[in-house]
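Novice: Input: one structure, supplied below.
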Amino acid sequence: MSHSALHVALTNRCPACGVGSLYRGILTLADRCSQCGLSFAAHDSGDGPAFFAITLLGFVIVGFATWLEFAFRPPIWLTLLAATLLLFALTPVCLRFFKSYLLALQFKHHRLQQEEDI
């Protein structure tokens, strides 16, 4: 039973069994699912996760900095510090989400299984 791409992206679990973890580190994909053995070696998201993260975080960070500046008028260094800290906090979260999402879409469209069978 495969799980939806959104479910996989939110839980970071195997798209095939929904139990095994996709990652062995913060952003490093595991070689295979520890539960069902599905290989993630064929997964190649390229620059997709980075593109989506940059696009989304650009809107979020610029919007946050603009709101902070107009709502509270802090010194510019404080706005820059707050925006930078928010960026560092959200970047790994966004990259993991989009990397998991793209892997789930590849699984859904049978790219992972086809690569394994070759």
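Novice: Provide the per-residue ³J(HN,Hα) series for region 58-70, in order, calculated from phi with Karplus coefficients 6.51, -1.76, 1.60 and θ = phi - 60°, each as a whole number of Hz, with x at glycine and proline positions.
Specialist: Using θ = phi - 60°, the values come out as x, 5, 5, 5, 5, x, 4, 5, 5, 4, 4, 5, 7 Hz.
Novice: Sticking with this one: Of ILE54, ILE61, how do they rank once you tally other Cβ atoms within 10 Å and put the fewest first?
Specialist: Arranged by neighbour count, lowest to highest, ILE54, ILE61 become ILE54, ILE61.
Novice: Next up: Between region 76-110 and region 19-64, what's the alpha-carbon centroid distance in Å?
Specialist: The two parts, judged by their Cα centres, are 9 Å apart.
Novice: Oh, and also: Find the cysteines in the chain that fail to meet the 4.7 Å Cβ criterion with every other cysteine, and list them.
Specialist: Isolated Cys, the chain: CYS94.
Novice: Something else now. Where in region 66-104 does the amide nitrogen come within less than 19 Å of the point 7 Å from the Cα of PHE51, taken along Cα to Cβ?
Specialist: Correct set: 94-104.
Novice: Considering the Cα positions of the chain, please state its Rg to one decimal place and its Dmax as a whole number of Å.
Specialist: That works out to 17.7, 60 Å for Rg and Dmax.
Rule-based calculations on the coordinates, nothing more; no lab input. Small disclaimer: the values here were computed from a predicted structure and weren't measured. Cβ coordinates were reconstructed from backbone atoms using ideal geometry, including for glycine residues, and neighbour counts include every protein chain displayed.
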